[in-house]
Amino acid sequence: MLSLESGCQTHLAVPETAVSQSVSQLEALLGVVECQQPEADLYRFVGRITVTLHGEEVVRPLGPETLLLRGARLKNTKEIFGVAVYTGMESKMALNYKCKSQKRSAVEKSMNTFLIIYLCILLLEAVLSTILKYAWQAEGKWDEPFYNQKTEQERNSSQILKFISDFLAFLVLYNFIIPISLYVTVEMQKFLGSFFIGWDLDLYHKESDQKAQVNTSDLNEELGQVEYVFTDKTGTLTENEMEFRECSINGVKYQEINGRLVPEGMTEDCPDGALPQLSREEALFLKAVSLCHTVQISYDQTDSPAPFSLSNGLSVQMEYYASSPDEKALVEAMKRLGVAFMGNNGVKMEIKTFGKLEKYKLLHVLEFDANRRRMSVILQTPAGEKILFTKGAESAVLPHAKSGEIEKTRLHVDEFALKGLRTLVVACRVFGEREYEEVERRLQEARTALQQREQRLAEAFAFIERDLQLLGATGVEDKLQEKVQETIEALRLAGIKVWVLTGDKHETAVSVSLSCGHFHRTMNILELVQQRSDSQAAPAGEQHCPALLAMPCSPEDHVIQHGLVVDGSSLSLALREHEKLFMEICRSCSAVLCCRMAPLQKAKVVRLLKTSPEKPITLAIGDGANDVSMIQEAHVGIGIMGKEGRQAVRNSDYAFARFKFLAKLLLVHGHFYYIRIATLVQYFFYKNVCFITPQFLYQFFCLFSQQTLYDSVYLTLYNICFTSLPILVYSLFEQLVHPHVLQSKPALYRDISKNSLLSFKTFLYWTLLGFCHAFIFFFGSYVLMGEDTSLMGNGQMFGNWTFGTLVFTVMVITVTLKLALETHFWTWVHHFVTWGSIAFYFIFSLLYGGVIWPFLHTQDMYFVFVQLLSSGSAWFAIIIIVMTCLFPDVIKKVLYRHLQPTSTQKSQVVEAGGVGCVESMCCFSEGEGGASRLGQLVGRVMSRCNPARIRRSWSDLDPFYSNDRSVLTLSPVESSHC
């Protein structure tokens with residue numbers, strides 16, 4: 001059967017149609033099905049079937065228990081016959097689907113904004129150059145000099161067409177300021193960088209042999225910007241495996257030891273093989289738990305030893321299936337204790353009590369619902385007695401109990417809850433003959449009612465489930481996944497708020513939230529549940545709001561932290577009329593739990609946060625088909641490879657096997673991806689400004705004749721060959737700090753939040769830096785050559801192409817070394833592409849200008865580069881200009897790191913182990929000695945090199961991941977060598 005969480009649900013046919021077991025019988029069946037219009041609520045269905053038998057019409061009610069949802073699977077039934085009531089997009093699962101939208105990262109949006117600004121700069125430069133050209137040519141001597149006389153056609157041509165033509169020519173001349181190659185490099189970086197997630201062995205789950213999976217590489221950098229995490233509970237935070245731990249019977253606590261119930265504080269004293277002697281209360285409690293459920297049994301023939309053997313030698317393996325993992329765990333525990341549930345055919349339930357078979361007639365099942373928070377069965381015992389067994393939340397059962405150890409049981413339930421156990425209270429009621437006749441009449445009237453059926457059933461259930469005799473309580477542990485609590489705490493320290501969205505009932509969800517650390521025991525838990533109307537929802541919200549707004553949340557102080565619990569129905573009301581009030585409450589809470597949520601409601605909650613004024617980046621993580629809408633709605637969707645199939649994985653952006661992997665995915669991979677691509681974007685705009693601004697300045701010295709400063713080959717290869725590889729390698733391997741430090745100090749994640757590295761202030765800095773460097777390139781070269789100075793030994797002067805080549809040479813070296821200054825994590829690959837790019841430029845220029853190539857029509861650059869390098873003054877100019885550009889950057893970095901260091905920069909200093917490196921350009925194995933000397937020198941200058949004042953960033957007691965095998969750790973050097 002289909003389950004929204006995990007497990008199986010029991011579905012029954014009405015008695016009049018259940019007898020039709022063949023096609024011929026179905027052909028003879030005459031009936032009409034009436035039902036409500038399609039709706040998205042998975043838990044609600046109202047209908048009726050009218051069956052004609054022997055000329056008489058019989059009307060039977062239809063409810064959720066008679067409806068199979070799309071995607072249901074049969075477990076212990078070979079086949080069924082049914083009629084489709086909703087099909088296609090009218091099915092309940094289809095109504096909960098959400099159309100997949102195109103996701104775009106915040107970095108991509110910022111990049112497009114910057115591109116528009118640079119497009120405006122391009123237009124401004126083109127318009128300004130065109131206007132200045134005509135202003136300059138207003139004088140006759142410049143408009144038509146003696147050496148460049150105009151033709152008659154040029155004199156008579158339209159001034160407007162000439163203006164447009166010149167404007168377009170300047171656009172073509174300056175168009176390289178728009179970094180078209182940026183998009184190509186970004187796509188390469190995203191595609192190649194996504195392999196690191198799949199290669200990371202820390203994200204590999206050995207037990208299931210599953211590695212992390214990347215379904216889209218467009219959102220890598222978004223992992224470093226997450227502010228809200230929305231997570232499913234069952235199968236995501238938990239293993240979806242329940243274990244019976246303790247119980248309370250008649251005011252006495254018991255534990256299970258070796259298949260026997262032993263009172264607390266006592267040890268097992270019953271000899272092996274002897275049957276335990278149970279009191280009447282204990283036996284009744286065990287029978288109640290074994291009978292009060294909707295568990296089904298599947299029998300599989302195996303060769304292994306099992307309880308039942310067939311005549312052919314094969315054995316029958318009995319397996320329980322339940323809609324709730326709690327029920328399955330309890331039934332399995334009762335079987336170990338000697339009271340085994342043997343089956344339920346819809347009419348009779350059988351149990352085997354210490355080998356003795358007992359049959360109970362099943363009269364009625366009072367299904368669980370969110371309002372009552374309990375379920376019951378009415379049985380007829382072998383002695384003919386009518387008895388009601390009830391189990392449910394303590395708040396739903398204890399108020400209706402009139403006998404039994406009520407106070408002791410309440411204390412025991414509180415103790416179980418403090419241990420993080422899921423608790424259920426068990427009670428019973430014995431009916432007399434007249435009492436049962438009244439119960440039967442009320443149930444029949446309520447279940448056949450066509451109007452207000454739910455209300456009348458609630459009244460009938462309330463009449464039945466009263467005057468109960470309390471039997472005891474159970475404590476079941478929902479086994480959490482490994483390191484869930486540590487992961488949630490790490491996310492909280494990183495400034496990420498965690499919301500749990502689950503379809504589970506209120507008590508179960510709160511219990512798991514407490515056990516996994518989502519809620520702390522000292523939190524002030526606010527509840528907004530079971531609000532049925534706007535008049536109820538508004539006062540409840542207004543009651544919570546003043547206390548929240550008056551007490552600010554502090555992540556370090558759990559005493560004044562608040563947690564909010566809201567259910568699906570109350571949430572719908574809150575969003576309908578009181579959305580602003582609800583958002584104020586949520587923002588003031590450090591943790592939010594939403595229970596009894598339909599799949600579409602989960603998506604609505606995510607959309608609510610996405611569209612709030614702050615526009616936070618959201619992440620949704622889940623394992624089942626009911627999480628697909630939430631995963632698709634969030635900025636980043638993550639699927640858990642669990643036991644709920646693969647729908648969540650297929651519809652997600654990333655997928656892995658365990659929730660604990662989320663910490664490294666965000667704190668390490670997200671951090672690295674963001675700083676890499678943010679620097680890549682800013683650096684691309686910077687180097688293109690450096691590239692094209694000298695072209696613009698050169699027009700002032702050539703009468704805006706549209707003469708190019710650089711050779712066409714240099715124009716083409718600048719972004720393709722000379723400056724492309726260093727930034728690509730940087731964007732793949734850069735690490736500001738070691739992955740261990742990022743995981744042990746989650747607060748470092750806050751340094752890159754809110755898209756800080758792509759803020760307008762940072763963008764403005766890189767742009768102005770590009771213009772400053774471009775001015776230094778141009779006017780530094782102009783000072784050297786502009787006054788007809790002879791720089792050659794034979795007295796020969798440099799020409800136009802030599803000047804442009806000098807500017808281009810200085811530019812290539814400067815922008816490459818600027819990226820080297822920004823690099824903190826050096827490997828042999830970085831050295832190869834950094835120094836190799838500069839060397840390649842020199843080698844290419846020598847070959848391009850030093851050889852006459854027969855396939856080139858013209859060779860303006862012939863012998864130009866060789867002539868340039870033959871001048872000692874040119875070499876001196878190159879060194880001086882490069883140092884003039886980069887020295888202020890070095891000073892700025894030193895001062896900022898010394899006077900206003902960020903948390904990340906402090907971690908870099910501490911990680912160095914006593915050496916205050918200004919930059920980690922020195923961090924490579926070939927230069928350890930030089931790095932040490934350089935570090936000590938800079939440390940003495942900055943008074944930061946005293947090992948007594950600087951200690952390592954971790955010790956043996958720190959929560960480091962000693963088994964970190966990430967492929968991202970490429971450097972062969974220990975951090976202490978830097």
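Descriptive notes on the structure:
- Net length gained if the chain between Ala458 and Phe842 were fully extended (0.36 nm per residue, minus Cα distance): 129.6 nm
- With the highest mean first, a sort of the peptides 656-664, 19-27 on other beta-carbon atoms found within 10 angstrom per residue produces 656-664, 19-27.
- Theoretical FRET efficiency, 1/(1+(r/R0)^6), r = Cβ-Cβ of Lys892 and Thr151, R0 56 Å, to 0.05: 0.55
- Placing pseudo-labels 7 Å out from each Cα toward the beta carbon at Phe163 and Thr902 gives an inter-label distance of 4.7 nm.
- Surface composition of the stretch 802-865: carbon plus sulfur atoms contribute 78% of the solvent-accessible area (1.4 Å probe, protein chains only, all chains present).
- Modelled FRET efficiency - R0 30 Å, Ser873 with Thr716, Cβ distances, 0.05 increments: 0.55
- Length released on extending from Phe771 to Glu385, taking residue separation times 0.36 nm less the Cα-Cα span: 129.6 nm
- Cβ-Cβ distance of Phe700 and Trp853, R₀ of 35 Å, FRET efficiency by 1/(1 + (r/R0)^6): the value works out to about 0.55.
- Carbon and sulfur %, accessible surface of the stretch 560-687 computed with the full protein complex present, 1.4 Å: 49
- Put simply, when 116-122, 171-177 are sorted by average Cβ atoms within 10 angstrom per residue, most first, you get 171-177, 116-122.
- Excluding same-chain neighbours fewer than eight residues apart, the lysines reachable from Lys892 by a Cα-Cα span under 18 Å are Lys761, Lys818, Lys906.
- You can think of it this way: the chain between Asn345 and Gln37 has 107.7 nm of extra reach, that is 0.36 nm per residue less the Cα-Cα gap.
- Estimated vicinal HN-Hα couplings, Hz - the stretch 723-728 in sequence order (Karplus 6.51, -1.76, 1.60; Gly, Pro = x): 10, 8, 5, x, 6, 5
- Of all lysines in the structure, the ones whose alpha carbon falls short of 30 Å from that of Lys356, not counting any fewer than 8 places away in one chain, are Lys75, Lys78, Lys253, Lys287, Lys328, Lys335, Lys348, Lys386, Lys391.
- Highest-first packing order for the peptide set 55-62, 385-392 is 385-392, 55-62, based on the mean count of other beta carbon atoms within 10 Å.
- Local electrostatic count, Pro64, Cβ distance below 9 Å [Lys/Arg +1, Asp/Glu -1]: -1
The values are calculated or read from the model by the stated rules, or taken from the named source; none is laboratory data. Just so you know, these numbers come straight off a predicted model, no measurement behind them. Glycine gets a Cβ as well: all are built from the backbone with ideal geometry, and neighbour counts include every protein chain shown. These accessible areas exclude ligands, DNA and RNA; they are computed on the full protein's heavy atoms, side chains included. Shrake-Rupley method; radii C 1.70, N 1.55, O 1.52, S 1.80 Å.
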